[in-house]
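Peer 1: What follows is a single structure, and I will ask about it in a moment.
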């Protein structure tokens, strides 16, 4: 190899190193710009909402009758829906999570259908199912049951329909993850299915169940599309917080709409934080395999 | 006590007895109680069988304390059981905080709180290291002899069975190959697999009948005299302590030393074809180094001819 050739290859190498370093810087800059753009797009509306009006206007707007009524309706309907969801959904999820039967995957898919269904479609579907002229409308009236449409019961049904699939899906996964050994042992120790569910499966799946319930609760609090179709928007009976936002907005009362918006945002943020914390506890508590260390079997006295 | 290699069906058998798996055929009963009968369609669920079942790793409930685990079985506190197993001071500890031996005691206390009619133990030492294993095994042997409770224990390790069992059943590929006392299995293994499990050397050869027994030409060279009559291709089993060292030219067959290891009162000389065990007090005689050619001698009465498969 001649000296000229070797020096020539060195300059080539330097040039290549320069271009690759430049390339890396360019990629980093583009990545930073993209992250900044996405974050700005997601965060700007939230910042705008929170800073739109001064604190005293915000507090004043929380006190209007539309807002207080909506808070009351939202709390009551969501609480009832939540209790029903836990009571019926937990045993349902346990059975689906712990047993294998023909058609199980069909049931699992059907459970998830409301998750992907547009809320307005859910509302119209509930209307043609339970409304006065719907599939079960006649049956309800012959049984002497008042039709739920435009009543508070309809709000609860909407929340249940759109929100509980979130709980069911998470709860089924949480029960599936419970180690068979614990349930087998519980059986040999004389525990029937109810005791196995309440004393073993639910505690072992509790973090997963809690995270799923939190997500479902958040979805229920925000429910709008199905409710406005099936339950209407009547202040004090069916007007939940999201409906009140729309009511204030269409009544040209932007300040009041924003105030309720801030309130809902705070609730959502609290739920998100709770579910994240629960999920973290879940992942750390599911590692139940015994440590394989050789500590003395003679316990300290 | 059931012994067998992994995949032999030991755990499945235990789970079937526990009522956790449904067999396609057969009958399970304890005393006068019928637990399962495929023909009659009888099946008692696990929670009604009154068994003390210890799965591998013991299956202690991680969300309950030691006292809570024991209470789960009997629906009331059992400080007496905790004291009996020396875990009273651990009553409020969680299973995660316990050592392997402590876990086993909690699992035993919990199983006994159920007031079982039979104890089922699945690989009780599977999760333990060698030192803990020996301690826990001796402890379990004491506990079991004090309980006077019928116990079915499965393990893959024959030495566990020897310490713990009165009768050993050997499972292979889902079949019960042999059942007997530990010494019966060592002296009269039914198959090469049983012999191998007891730690015996298994050799192949061609037997020719003789007036008193047979002469066996070994695969790989050498000849052995056996007091058992036999002919044709055979497998033979000889325990390591029945083999004797000889000069390379003198033995019944020749072998090469691979390693020499001292182990609790004995010396194990691992060779290419067999393992020889000599007592330590005889080890004053110079031992052959690794790589040395040796001869191997054995008394005809120790050359067990195994039943052909």
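The values are calculated or read from the model by the stated rules, or taken from the named source; none is laboratory data. Note that the structure is predicted; figures quoted are calculated from it, not measured. Positions of Cβ are backbone-derived with ideal geometry, glycine not excepted, and every protein chain shown enters the neighbour counts.
Peer 1: Return yes or no: is residue A:198 in a helix (DSSP H, G or I) and free of Cβ contacts under 8 Å to residues at least 40 places away in the same chain? Lay out the reasoning, then the answer.
Peer 2: Values: in a helix (DSSP H, G or I): yes; free of Cβ contacts under 8 Å to residues at least 40 places away in the same chain: yes.
Yes, satisfied.
Peer 1: Would the stretch B:169-181 turn up any residue that is assigned to a helix (DSSP H, G or I) and touching a residue at least 12 places away in the same chain (Cβ under 8 Å)?
Peer 2: No, the stretch B:169-181 has no match at all.
Peer 1: Which helices (runs of 4 or more DSSP H) does the stretch A:116-195 wholly contain that include 2 or more residues that are touching a residue at least 12 places away in the same chain (Cβ under 8 Å) and within 14 Å of another protein chain (Cβ to nearest Cβ)?
Peer 2: Details: elements: A:119-130, A:137-142, A:152-176, A:180-188.
The helices (runs of 4 or more DSSP H) meeting that bar are A:180-188.
Peer 1: Could you check the stretch B:47-59 and list, in sequence order, the residues that are closer than 22 Å to residue A:206 by Cβ and either more than 31 Å from the chain's Cα centre (by Cα) or more than 8 Å from chain A (Cβ to nearest Cβ) (or both)?
Peer 2: Residues satisfying the conditions do not exist here.
Peer 1: As an exercise: evaluate residue B:125 against (1) in contact (Cβ under 8 Å) with a residue 60 or more places away in the chain; (2) not in a helix (DSSP H, G or I) and give the number of the one condition it does not meet.
Peer 2: Among (1) in contact (Cβ under 8 Å) with a residue 60 or more places away in the chain; (2) not in a helix (DSSP H, G or I), the lone unmet condition for residue B:125 is (1).
Peer 1: Does the stretch B:77-105 hold any residues that are touching a helix residue (DSSP H, G or I) at 6+ places or on another chain (Cβ under 7 Å), away from chain A (no Cβ under 11 Å) and either closer than 19 Å to residue A:190 by Cβ or outside any loop (DSSP other than H, G, I, E, B) (or both), and which are they?
Peer 2: Residues satisfying the conditions are B:77, B:78, B:79, B:81, B:82.
Peer 1: Look at residue A:209 and say whether it is modelled with pLDDT under 95, part of a helix (DSSP H, G or I) and out of contact with any helix residue (DSSP H, G or I) (no Cβ under 8 Å at 6 or more places or on another chain).
Peer 2: no
Peer 1: Okay, next question. When you go through (1) away from chain A (no Cβ under 14 Å); (2) without any contact (Cβ under 8 Å) to a residue 12 or more places away in the chain; (3) within 29 Å of residue B:53 (Cβ to Cβ) one by one for residue B:156, which number turns out not to apply?
Peer 2: Exception for residue B:156: condition (2).
Peer 1: Here is a follow-up. Do we find a residue being in contact with a helix residue (DSSP H, G or I) (Cβ under 8 Å, 6 or more places away or on another chain), in a helix (DSSP H, G or I), within 14 Å of chain B (Cβ to nearest Cβ) and under 30 Å from residue B:111 (Cβ atoms) anywhere in the stretch A:85-96?
Peer 2: For the stretch A:85-96, residues in contact with a helix residue (DSSP H, G or I) (Cβ under 8 Å, 6 or more places away or on another chain), in a helix (DSSP H, G or I), within 14 Å of chain B (Cβ to nearest Cβ) and under 30 Å from residue B:111 (Cβ atoms): absent.
Peer 1: From the list B:212, B:143, B:151, pick out the single residue that is loosely packed, with under 14 Cβ neighbours inside 10 Å and either closer than 23 Å to residue B:299 by Cβ or touching a helix residue (DSSP H, G or I) at 6+ places or on another chain (Cβ under 7 Å) (or both).
Peer 2: B:212
Peer 1: Which residues, counting only those in the stretch B:108-124, are more than 9 Å from every other protein chain (Cβ to nearest Cβ) and at negative phi?
Peer 2: Residues satisfying the conditions are B:108, B:109, B:112, B:117, B:118, B:119, B:121, B:122, B:124.
Peer 1: Tell me the residue from A:75, A:84 that is modelled with pLDDT of 95 or more, assigned by TED's automatic domain parsing to the domain that holds residue A:198 and closer than 28 Å to residue A:259 by Cα, please. Step through it out loud before you land on a result.
Peer 2: Numbers: A:84 fails: closer than 28 Å to residue A:259 by Cα.
Being modelled with pLDDT of 95 or more, assigned by TED's automatic domain parsing to the domain that holds residue A:198 and closer than 28 Å to residue A:259 by Cα holds for just one of A:75, A:84, which is A:75.
Peer 1: Do you know which residues across the stretch B:16-27 are within 14 Å of chain A (Cβ to nearest Cβ) and free of Cβ contacts under 8 Å to residues at least 60 places away in the same chain?
Peer 2: Correct list: B:16, B:19, B:20, B:21, B:22.
Peer 1: Can you name the condition, by its number, that residue B:34 falls short on among (1) within 14 Å of another protein chain (Cβ to nearest Cβ); (2) closer than 20 Å to residue A:188 by Cβ; (3) free of Cβ contacts under 8 Å to residues at least 60 places away in the same chain?
Peer 2: That leaves (1) as the condition not met.
Peer 1: Of the numbered conditions (1) within 26 Å of residue A:272 (Cβ to Cβ); (2) surrounded by fewer than 22 Cβ atoms within 10 Å (Cβ to Cβ), residue A:236 fails exactly one; give the number of that condition.
Peer 2: (1)
Peer 1: Do the conditions hold for residue A:199, that is, is it at the interface with chain B (Cβ under 9 Å from one of its Cβ atoms), touching a helix residue (DSSP H, G or I) at 6+ places or on another chain (Cβ under 9 Å) and surrounded by fewer than 23 Cβ atoms within 10 Å (Cβ to Cβ)?
Peer 2: So residue A:199 fits the description; yes.
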